[in-house]
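Report on one structure; see the data block that follows.
The values are calculated or read from the model by the stated rules, or taken from the named source; none is laboratory data. Computed from a prediction, not measured in an experiment: that's the story for all the values here. Here the Cβ positions follow ideal geometry from the backbone for every residue, glycine too, while neighbour counts run over all protein chains shown. Side chains included, ligands, DNA and RNA excluded: accessible areas come from the protein's heavy atoms. Shrake-Rupley method; radii C 1.70, N 1.55, O 1.52, S 1.80 Å.
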Amino acid sequence: MTEQIYKNPDIYKIYVPLPNNPLKNLNCYVIKTKDKNLIIDTGFNIEECYNALKEGLHELEIDMEKTEMFLTHLHSDHVGLAGAIMPKGANIYMDKTDYEYFVNFIQGESWDAIDRKFISEGFPADQIPILRQTNPARAFAPDESFEAVTVKDGDKINVGGYEFTCISTPGHTPGHMCLYLESEKLIFLGDHVLFDITPNITFWSHVENSLLNYIDSLKKIEKIDVETALPGHRKNDMDFYVRIKEILKHHELRLAECYRIICENPGINAYDTAGRMQWSMRGRNWQEFPMHQKWFAVGETIAHIDYLLAEGKIKKQPENGIYLYSAN
Ligand SMILES: [Zn+2]
């Protein structure tokens, strides 16, 4: 299913379904010009995504020999099919930091570190092997790595005479990137700003304060002149700047909630803190959450705890290999 969403340059959206996933779909964008095309993001490495993407590209009559790819970030729903659909040797642009994390994930190293971290934050250790099989980020990742042309903040990508600028927006992932077409005030957002869901902010190895990075990256793009904002998932049916303010407010309230729970329960771990936070899960309570949703919730909670630690509002203390938090 394709839809033209912009003229000059011609930009199309391919609707890539993400079955059984709360994100519902991935928006794959295709910039089509006479000389060259650019595909932005792909979908999971599963048949439903592959078929939708292939059909869309066929419908748009995209000549893959004249096509490059830009990946906003390392998540499997964005990079899953990069290697499978791009011809050998074609340029695949990706932020250097995210590419390095991605290669580590493919080799399995990063997942081990993340698993150990979650256990140290109170996550039930016996659930980890089950999650390995059911978490779509793990199960639907590409089978193998692909070569990328790594890019950094401010780098330009020329597509048929249109000059796009890479804008580094770390937070959702350590090397998340948006792509901006200044002449049209148009931006591809990846998962930096989503409009009817809040992008997941979680703990990352070697990142001290993901949430602070994310908030800084929101303030960074807030300063950019944008008329057309294109998110990586679902629809954009509201003002870009209003939405940025809403997301900033959301995290402010979340930080206050997290802080209040730790004040009221000195010596609590991150897993139990997550269990006391409010999550929009269609009225279900924490006990009823599927394990992989708990995993996301705990990751999000750790990111807020890291922020409070860096602010000096709370302190942590290990006990039997698990971190316990109290107010300062
Ligand atoms: Zn993502």
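What the table shows:
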{"read-out": "Cα-centre dipole for the stretch 2-248 with unit charges at Cβ (Lys and Arg positive, Asp and Glu negative), debye to 20", "value": "260 debye"}
{"read-out": "Positive dipole terminus of the chain, leading residue within GLY232, ALA141, PRO22 (C-beta point charges)", "value": "PRO22"}
{"read-out": "Residues with amide H under 5 Å from that of SER326, placed H, sequence gap 5 or more", "value": "GLY267, LYS315"}
{"read-out": "Using alpha-carbon coordinates, inclination of helix 47-59 to the longest axis of the chain, degrees", "value": "30 degrees"}
{"read-out": "For the stretch 280-328: rounded, prolate or oblate by the Cα gyration tensor [a/c cutoff 1.5]", "value": "prolate"}
{"read-out": "Over the stretch 4-77, relative contact order from alpha-carbon pairs under 8 Å, at least 6 apart, %", "value": "29 percent"}
{"read-out": "For the chain, calculated [θ]222 nm from helices alone, where every DSSP H run of n ≥ 4 adds -39500 (n - 2.57)", "value": "-11000 deg cm²/dmol"}
{"read-out": "Listed residues VAL193, ILE46, PHE105: farthest to the positive end of the dipole of the stretch 2-248 (Cβ charges)", "value": "VAL193"}
{"read-out": "Interchain or long-range residues, amide H under 5 Å from GLY171's placed H", "value": "HIS176"}
{"read-out": "Contour excess over end-to-end distance, with Cα ends at THR134 and GLN317 and 0.36 nm allotted per residue", "value": "62.7 nm"}
{"read-out": "Alpha-carbon centroids, the stretch 73-95 and the stretch 264-328: separation in whole Å", "value": "34 Å"}
{"read-out": "Trypsin sites (Lys or Arg not before Pro) within the stretch 201-300: DSSP coil, no more than 15 neighbouring Cβ in 10 Å", "value": "LYS223, ARG234, LYS235, ARG282, ARG284"}
{"read-out": "The chain - percent relative contact order, Cα under 8 Å, separation 6 or more", "value": "15 percent"}
{"read-out": "Among beta bridges that DSSP assigns inside the chain, antiparallel share in %, nearest 5", "value": "70 percent"}
{"read-out": "Reachable aspartates and glutamates, given that their alpha-carbon falls under 16 Å from the alpha-carbon of LYS152 and they are not under 8 places away in the same chain", "value": "ASP95, ASP98, GLU100, GLU163"}
{"read-out": "Residues of type lysines that LYS313 reaches as a straight line, Cα spacing below 28 Å, ignoring anything fewer than 8 places off in the same chain", "value": "LYS117, LYS219, LYS220, LYS245, LYS249, LYS294"}
{"read-out": "q = 0.07, 0.08, 0.09, 0.16 Å⁻¹: log10 I(q)/I(0) that the Debye formula gives for the chain, counting C-alpha atoms only", "value": "-0.28, -0.37, -0.47, -1.41"}
{"read-out": "Charge dipole (the chain, unit charges on Cβ, about Cα centre) - positive-most of GLY275, GLY89, LEU218", "value": "GLY275"}
{"read-out": "Folded to 0 to 90 degrees: helix 96-106 orientation relative to the chain principal axis, Cα", "value": "70 degrees"}
{"read-out": "Between the stretch 178-221 and the stretch 18-59, the Cα center-to-center distance that results, in Å", "value": "21 Å"}
{"read-out": "Note, ³J(HN,Hα) from phi for the stretch 110-127, Karplus 6.51, -1.76, 1.60, rounded to Hz, x at Gly and Pro", "value": "5, 4, 4, 5, 5, 4, 4, 4, 5, 5, 5, 9, x, 5, x, 4, 6, 8"}
{"read-out": "Folded to 0 to 90 degrees: helix 240-264 orientation relative to the chain principal axis, Cα", "value": "20 degrees"}
{"read-out": "Heavy atoms of ASP239 accessible to a 1.4 Å probe, total area in Å² rounded to 10", "value": "80 Å²"}
{"read-out": "Fully extended contour minus Cα-Cα distance, from LYS249 to ASN8, at 0.36 nm per residue", "value": "83.2 nm"}
{"read-out": "Of the GluC sites (Glu not before Pro) in the stretch 12-81, those whose Cβ has at most 14 other Cβ within 10 Å and which sit in DSSP loop", "value": "GLU61"}
